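A short worksheet on the structure shown next.
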Amino acid sequence: MTDRYAVIGNPIEQSKSPFIHMAFAQVTGQDIDYGKVLGPLGGFAQAVDAFRAAGGRGMNVTAPFKLDAFAYATDLAPSAQMAGAVNAMKFEGERVYAENFDGVGLVRDVVHNLACPLKGKRVLVLGAGGATRGALLPFLAEQPAELVVVNRTVAKAQELAQLAHKHQTGQVPVQGLGYEQLQGKQFDVVFNATSASLTAELPPLPASVFAPGALAYELAYGKGLTPFLKLAQQAGVTHLADGVGMLAEQAAEAFVWWRGVRPDTTSVIQQLTVPLV
Ligand code: NDP
């Protein structure tokens, strides 16, 4: 029997998840159907209840429902607890298992697909929202030389730095700073995890932060050369990437979790890539 999965969000037309998961199903020979559910605002639980009652096995969760899914779950994985948000659910009887694969997907894209190990690197993350929060533990697990979170609202960056200190077992120095405190500092990997690119804005980042040979990684995807990537390019950075690989890798993590088989992401990434020009 065909197993049913779906992504729930509002809006949902833009979601690439059905394309990605159906492509994974094809290459791995899994018999699944993966659709889109437009969740009514304020009606997340009812929409998920209905999907489960119709036999649904699992769901991805996108904006604005990641916190609703956190509240709905019965069993939160450490990744979801740390992120304070859920992006994948698995239904087994009365149980709702919940994960957040965004952070692990991001790190897998950087380390595996882009062949850029984070171990021993100076890592800077712009933004202190949900994406950064979810990536903290996966970043620390790679043992960078240091991890700096910078945010417009400095208190949120400091809060994440404290959270990271509380949870890490290693000795990675973590700091939460404001943008003006970046003067004179350089980093080997710079992630733009702000939502500024969604409105073609640029965080107040000094171009001097990029160390020679740095990777500039924009978490947003499908936007070409964003203001952040343009700044990096003008500063001489040649290794530029956007979040298409992160998108594919978080989907692959959910697919493995649901189906027990890891799909190759290369073809999906190629098909969804928008050139960085
Ligand atoms: P949140 O809304 O949780 O956080 C947004 C962050 O951006 C906040 O820290 C906010 O700062 C900061 N910000 C917004 N506008 C500006 C600006 N003009 N200048 C400086 N800082 C700004 O967003 P998420 O963490 O959920 O998402 C962040 C990015 O990651 C988005 O681009 C999103 O598309 C992308 N993403 C990509 C995924 C993928 O699969 N590729 C998956 C998940 C996210 P403040 O706190 O001061 O308001």
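Derivation of every value follows stated rules applied to the coordinates shown; laboratory data play no part. Keep in mind it's a predicted model, so treat the numbers as computed, not measured. A quick note on method: Cβ atoms are made from the backbone with ideal geometry, for glycine too, and the neighbour counts reach across all protein chains shown.
Overview of results
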| item | result |
| --- | --- |
| Peptide ranges 86-94, 55-63 listed from the most packed, as the mean C-beta count within 10 angstrom indicates | 55-63, 86-94 |
| Farthest positive-ward along the chain dipole, Cα basis, beta-carbon charges - from THR132, PRO173, TYR97 | PRO173 |
| Sequence ranges 14-24, 255-265, 129-139, 28-38, ranked by mean other-Cβ count within 10 angstrom, highest first | 129-139, 14-24, 255-265, 28-38 |
| For peptides 39-46, 270-277, sequence by mean Cβ density within 10 Å, most packed first | 39-46, 270-277 |
| Estimated D of the chain in µm² per second, where Rh is the Kirkwood radius over Cα pairs and Stokes-Einstein applies at 37 °C, 0.692 mPa s | 171 |
| For LEU205, net neighbour charge (Lys/Arg +1, Asp/Glu -1) across residues whose Cβ lies under 14 Å away | 0 |
| Net charge over other residues, Cβ less than 15 angstrom from the Cβ of PRO275 (K, R count +1; D, E count -1) | 0 |
| Residue order, fewest to most beta carbons within 10 Å, for SER79, SER195 | SER195, SER79 |
| Anchor LYS156: aspartates and glutamates whose Cα lies under 18 Å away (excluding residues fewer than 8 positions away in-chain) | GLU180 |
| Partner aspartates and glutamates for LYS36 [C-alpha distance under 13 Å; skip if fewer than 8 residues away on the same chain] | GLU13 |
| Percent antiparallel among DSSP beta bridges (both partners in the range 68-178, rounded to 5) | 30 |
| Beta bridge orientation in the chain: antiparallel %, DSSP, nearest 5 | 20 |
